[in-house]
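Structure first, then comments.
Every read-out reported here was derived from the displayed coordinates using simple, explicitly stated rules and does not represent laboratory data. Model, not experiment: these values are computed from the prediction. Here the Cβ positions follow ideal geometry from the backbone for every residue, glycine too, while neighbour counts run over all protein chains shown.
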Amino acid sequence: MYTPYQYHLKNQLNEIIEAGLYKNERVIVSPQGAEIELETGQKVLNFCANNYLGLSGNPQLIAAAKAALDDHGYGMSSVRFICGTTDLHKKLESKIAEFFGTEDTILYAACFDANGGVFEPLLTSEDAIISDALNHASIIDGVRLCKAQRYRYENADMEDLEAQLQLAQEQRFRLIVTDGVFSMDGNVAPLDKIVTLAEKYNAMVMVDECHSAGVVGRTGRGVTELYNIEGKVEIITGTLGKAFGGAIGGFTTGRKEIIELLRQRSRPYLFSNSIPPLVAAAGIKMVEMMTGTNELQDKLHRNSAYFIEKMTALGFDIKPTRSAICAVMLYDAKLAQDFAAKLLTEGIYVTGFFYPVVPKGQARIRVQLSAAHEIEHLEKAVNAFKKIGKELKVIK
Amino acid sequence: MSYSAKTRNLYQAQLGDIRNAGIYKEERFIHSSQAADIEVEFPAGAEIMNVINMCSNNYLGLSSHPDVIKAAHEGLESRGYGMSSVRFICGTLDIHRELEKKVTEFLGTDDTILFPSCMDANAGVFEAILTSEDIMISDRLVHASIIDGMRLCSAQHDTFKHSNMEHLEEKLLLHSDKRIKLVITDGVFSMDGDIARLDEMVRLCEKYDAMILVDDSHSTGFIGRTGRGTPELCNVVGKIDIITTTFGKALGGASGGCVSGRKEIVDMCRQRARPYLFSNTIAPVIVSGVLKVFEILSSNTERRDKLEENTAYWRKGLKDAGFILKEGESPIVPVMLFNAKLSQDFSKDLYNEGIYAIGFFFPVVPNGQARIRTQISAGHEKHHLDNALSAFNKVGNKHGILGLTKEQIVAKYGL
């Protein structure tokens, strides 16, 4: 049976290659950090990781993970409700709730699973989900798995959100869903305005803080801190796989009853292992570090401001951003790929993004800043951008 | 923002219903490593008890194996803690590739792609490779993650009665006009422990020009003479187009899963499977542990052999005591109690005797099919099994069900 299908798949794969959309993976042979080593032996500066706080190779997290390996072993070989819950899982859940000023937290294997499993247990066909058009793929999949009525508003467009809220008035409950920081542009959701509209139209709010937790807000509590509305959002989802150590794991934190119901009904929670104990232990250490000092956030904010200022001065077209994501707009897909390839020869590792990841004609290089970057790393990157930008006639 | 009293009340009422129906899931907190002997706090705040674990997926006893832990330590040293990236941006390490190759060799397939979990592998595989012109024909008892994957796929969907080959054949005939026909089954079914009839399924797939996907999560590492899973047991190695499996059960038990099979299918998943493209892959430290697991499994069959012996001993002991079991060969041994409340009381009494085993009831299993699902491990020694057997005996006696038929138990406790 496989032969005709194989032919069909080969054709499809060729189409992907011809369209220039084939994803090749670069193999890394070192720990994640500002400087990494590729399989080719080349050492490069990494400007495309979600390693915002530089914790991915942090010695304290590694020590915490090692200690947990010694006293809680390697795997649990079970889902939470059978025999896969350790004291470390409970402790991390309460630490995360404390950190965000919420009532309770539930851990997932990934934020992809948190978003995939949050809607179906909470909402039925009587309810409405009102979702930002640029929300992450995992939110889209979660919404697809839920029977609620779907409404969509243009990215961060409050007039459109209001119009959709008016349309959704006939449903029983309304849930507005937004990313905190949108991963491709780096813009922050106008959560203050969203909350005002939610009050006016009697809706709940869910925000995905994957690219904002640890990054946005004076102490890294995310967009609710930025807008001074901590504790006012019903549901926050977030990840341990980006700023917070970068291994794996996600969470949903918010209202007590919501979290309790998810524990009973959320399919990725019930039917898949939680994070292993060593990841829970590193997570606990991470929250403790965050609570003790703002050093890393401060450095990240300084690095982001520096880089954006220099790039803007050079004449690059940068998307307005309030996060550690800096989208350098090149518009043309091939140009974005050539630019990234040339930067790599200069020792700067970035990725070009183009359709379908971003809209057609909106190709870009997405630079992600990190607290792991030192000033000389930033200077080197800016100089490389300057050199290639001139070479490719993107800047004068 | 408007978490109104109405909303709160609705959710509280739903939670009340779950409690009243007796199906509220209480978690027990484990303070030790996963193993035959564990330290448990249950209920929350209670004194920690040392109990024997009879309900984990730690089939090979590798979840806290010293060599695996040592390999994880080394992984942390050489590759750090997290990658903070998806695979195709900057989240691919040499050891991810190495593990993919190792799995491919072990299962005898063309290629392998890692996922953060087998839940994600199953959730992502169908949509990546099938369209509305195609049909998925699945066994009615496949795992929840396969069901979610199918829900996310635009291909048509039909089911066949559990392990019923005549019914599968009917469905293959019925859907003979579809472009791609994909037959989908678990290798070992998690609630009953029975094994899919892969030899017959492969024969039917060949006859009707269909492909086959097997989720071998409850068999990779120990089913089959050398632990290659249900395809080995059924003599169809190399004939299964797609195998999905997990590292979260027998293979160390931390996290991670994969899709292994035909080269183009794996390649297509790398380009299109959403949980692969939009979520971190397995953390380096976990990869290091799984690589060590495969090294252990490839060197000899000691562990799966011991598991087989333990399972035979356990089944015989329970049968001799007069329990009704679901027949089968896998280390999943369901002790049938039929009544939901009885299964919960039984589980609590076992716990007081130092035995940790959970009762399963509707909706996890069909109504009137409540049970204690025991799972045997190569980490169990004879004394663990003997202790557990005497506890089962004692609690069975207490409830007066030893030697009774199903009808007698139902007459006594109801359904």
Would a scan of the stretch B:379-400 turn up a residue that is farther than 25 Å from B:Ala36 by Cβ, part of a loop (DSSP other than H, G, I, E, B) and in contact (Cβ under 8 Å) with a residue 60 or more places away in the chain? no
Of the listed residues (B:Lys382, B:Lys398), the one being surrounded by fewer than 17 Cβ atoms within 10 Å (Cβ to Cβ), basic (Lys, Arg) and out of contact with any Asp or Glu (no Cβ under 7 Å at 6 or more places or on another chain) is B:Lys382
Given the conditions (1) more than 19 Å from the chain's Cα centre (by Cα); (2) more than 25 Å from A:Asn135 (Cβ to Cβ), every one holds for A:Ala372 apart from (1)
Residues that are charged (D, E, K, R), within 20 Å of B:Thr246 (Cβ to Cβ) and more than 12 Å from chain A (Cβ to nearest Cβ): does the stretch B:175-187 have at least one? yes
Heads up, the helices (runs of 4 or more DSSP H) in the stretch B:251-342 (entirely inside) with at least 3 residues that are surrounded by fewer than 24 Cβ atoms within 10 Å (Cβ to Cβ), basic (Lys, Arg) and more than 21 Å from the chain's Cα centre (by Cα) are B:263-272
Scan the stretch A:204-220 and tell me whether some residue there is in contact with a Cys (Cβ under 6 Å, 6 or more places away or on another chain), under 30 Å from A:Leu55 (Cβ atoms) and touching a residue at least 40 places away in the same chain (Cβ under 8 Å). yes
For the stretch A:7-24: of the residues being within 30 Å of the chain's Cα centre (by Cα) and part of a helix (DSSP H, G or I), which is farthest from the other protein chains (Cβ to nearest Cβ)? A:Glu18
Considering the stretch A:196-213 alone, what residues qualify as being in contact with a strand residue (DSSP E or B) (Cβ under 6 Å, 6 or more places away or on another chain) and within 9 Å of chain B (Cβ to nearest Cβ)? A:Ala198, A:Ala203, A:Met204, A:Val205
From A:Leu197, A:Leu175, A:Leu165, residue being closer than 20 Å to A:Lys232 by Cβ, in contact (Cβ under 8 Å) with a residue 24 or more places away in the chain and in a strand (DSSP E or B): A:Leu175
Entirely in the stretch A:214-332, the strands (runs of 3 or more DSSP E) that have 3 or more residues that are of a type in the set (A, V, I, L, M, F, W, C) and either away from chain B (no Cβ under 14 Å) or more than 28 Å from B:Ile286 (Cα to Cα) (or both): A:325-331
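Among the residues of the stretch B:163-188, which ones are touching a strand residue (DSSP E or B) at 6+ places or on another chain (Cβ under 6 Å) and of a type outside the set (Ser, Thr, Tyr)?
Residues of the stretch B:163-188 that are touching a strand residue (DSSP E or B) at 6+ places or on another chain (Cβ under 6 Å), as a first pass: B:167-168, B:171, B:175, B:178, B:181-188.
Those that are touching a strand residue (DSSP E or B) at 6+ places or on another chain (Cβ under 6 Å) and of a type outside the set (Ser, Thr, Tyr): B:His167, B:Leu168, B:Lys171, B:His175, B:Lys178, B:Lys181, B:Leu182, B:Val183, B:Ile184, B:Asp186, B:Gly187, B:Val188.
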Yes or no: A:Thr253 farther than 14 Å from A:Val79 by Cα, of a type in the set (S, T, N, Q), touching a residue at least 12 places away in the same chain (Cβ under 8 Å) and surrounded by 20 or more Cβ atoms within 10 Å (Cβ to Cβ)? yes
Need the failing condition index for A:Asp160 against (1) crowded, with 22+ Cβ neighbours inside 10 Å; (2) free of Cβ contacts under 8 Å to residues at least 24 places away in the same chain, just the number. (1)
The residue from A:Thr351, A:Thr345 that alone is over 26 Å from A:Leu226 (Cβ atoms), in contact with a strand residue (DSSP E or B) (Cβ under 8 Å, 6 or more places away or on another chain) and polar (S, T, N, Q) is A:Thr351
Residue list for the stretch B:149-187, restricted to those being within 21 Å of the chain's Cα centre (by Cα) and among the β-branched types (Val, Ile, Thr): B:Thr159, B:Val183, B:Ile184, B:Thr185
Check on A:Ile275, within 21 Å of A:Leu134 (Cβ to Cβ) and touching a residue at least 12 places away in the same chain (Cβ under 8 Å): no
I'd like to check which strands (runs of 3 or more DSSP E) are fully inside the stretch B:135-192 and have at least 1 residues that are surrounded by fewer than 18 Cβ atoms within 10 Å (Cβ to Cβ). B:156-160
Check B:Arg225, B:Arg140, B:Arg197, B:Arg203 and return the single one that is over 17 Å from B:Thr245 (Cβ atoms), within 14 Å of another protein chain (Cβ to nearest Cβ) and more than 13 Å from the chain's Cα centre (by Cα). B:Arg203
